[in-house]
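Student: One structure is given below, represented as C-alpha cells, and several questions about it will come after.
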Amino acid sequence: MEKQIKILALTNNQILISEVDEVASADIGEPDCKLINPFVVTDGKTLTPFLTSVTRETTFMMGSDKILTLAEPTPTLLEKYLDLTKE
C-alpha cells in the first residue's frame, strides 16, 4: 500500500505534513486519523518534528474535527519530508 502524504491545516492554525491513515473510530469523538511521522511546516519550507519537546512518539492519533483541510504537498516539500523520514 502506498503512503498517503498530506498537508494538514489544523484548527489551531498549525500546518503539518504527515503520512495519514484513516482509522474507523468506535465512538463519536474518538480520534479517527492516524498521523505517522508528522512534521510542523513553518514559513512554508522548514520542517520540525511534531511534539518532540514533550515526547519521542512518532505516531499520533487525531480527531478529524481538528483538521480544517487536507491537501497534496508541493513536490519540493514532499521530497524534503521523504528525505527526513527515510528509514
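Student: Looking at residue 12 and the list (1) open to solvent by less than 80 Å² (accessible area, probe 1.4 Å); (2) at pLDDT 85 or above; (3) not aromatic (Phe, Trp, Tyr), which single condition is not satisfied?
Tutor: The single condition residue 12 does not satisfy is (1).
Student: Considering every residue within the range 64-71, establish whether at least one is without any contact (Cβ under 8 Å) to a residue 40 or more places away in the chain and either over 17 Å from residue 14 (Cβ atoms) or surrounded by 15 or more Cβ atoms within 10 Å (Cβ to Cβ) (or both).
Tutor: There is no residue in the range 64-71 that is without any contact (Cβ under 8 Å) to a residue 40 or more places away in the chain and either over 17 Å from residue 14 (Cβ atoms) or surrounded by 15 or more Cβ atoms within 10 Å (Cβ to Cβ) (or both).
Student: Right, something else. Give me a count of the residues in the range 48-63 that are open to solvent by 100 Å² or more (accessible area, probe 1.4 Å) and under 15 Å from the mean Cα position of the chain (by Cα).
Tutor: Number satisfying all stated conditions: 1.
Student: Name the residues in the range 15-47 that are open to solvent by 40 Å² or more (accessible area, probe 1.4 Å), farther than 13 Å from residue 82 by Cα and modelled with pLDDT of 95 or more, would you?
Tutor: 15
The values are calculated or read from the model by the stated rules, or taken from the named source; none is laboratory data. Since we're looking at a predicted model, the values are computed, not measured. Cβ coordinates were reconstructed from backbone atoms using ideal geometry, including for glycine residues, and neighbour counts include every protein chain displayed. Quick note on the areas: whole protein, heavy atoms, side chains included, nothing else; ligands and nucleic acids left out. Shrake-Rupley method; radii C 1.70, N 1.55, O 1.52, S 1.80 Å.
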